[in-house]
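Colleague: Would you mind keeping the following structure in view while I ask a few things?
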Amino acid sequence: MTTELLTDPKHTRGDLRQIESAIRKGWQMPDGIYRALPRVLATILRDGTPREKVAAARVMVQLQAQNNADQPRLSMVAHRHQHEILPVAAGDLNDRRRELLARAAAIR
């Protein structure tokens, strides 16, 4: 049994997952893996199962992100809704319910 990545075809997706994680986290990887990676990814993208192809594509995305580290990255933007929140009294609740039902009926 070998501990080398990308040598056992039964563990291809797991190996690619580890490589993707290592690239994303900026870990040092052996040069042999970097040299073999383009050939292995091309083979998987051509002949692999759909799941292996997705795993290979994820590695390619991480490699591309690493190569373009100097370019700004897109980030998630906090999306907040601001609604008018008023104190609700018992009588107001029934009025609000009637108003919402009337709006819903108008939409239908």
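Colleague: Does the range 1-34 hold any residues that are assigned to a loop (DSSP other than H, G, I, E, B) and among the hydroxyl-bearing types (Ser, Thr, Tyr), and which are they?
Modeller: Matches in the range 1-34: Thr2, Thr3, Thr7.
Colleague: Quick check on the range 97-108: of everything there that is of a type in the set (D, E, K, R) and at pLDDT 80 or above, which residue is nearest to the chain's Cα centre (by Cα)?
Modeller: Arg103
Colleague: Considering the range 35-53 alone, what residues qualify as being part of a helix (DSSP H, G or I) and surrounded by fewer than 13 Cβ atoms within 10 Å (Cβ to Cβ)?
Modeller: Listed by number, the residues that qualify are Arg35, Pro38, Arg39, Ala42, Arg46, Asp47, Pro50, Arg51.
Colleague: Just to be sure I understand, how many residues within the range 1-30 are modelled with pLDDT of 85 or more and either touching a strand residue (DSSP E or B) at 6+ places or on another chain (Cβ under 7 Å) or acidic (Asp, Glu) (or both)?
Modeller: Final tally of qualifying residues: 2.
Colleague: If I go through the range 31-87 residue by residue, how many of them are modelled with pLDDT under 80, β-branched (Val, Ile, Thr) and within 20 Å of the chain's Cα centre (by Cα)?
Modeller: 1
The values are calculated or read from the model by the stated rules, or taken from the named source; none is laboratory data. Predicted, not measured: the structure shown is a model, and the values here were computed from it. As a convention, Cβ positions derive from the backbone with ideal geometry for all residues, glycine included, and neighbour counts pool all protein chains shown.
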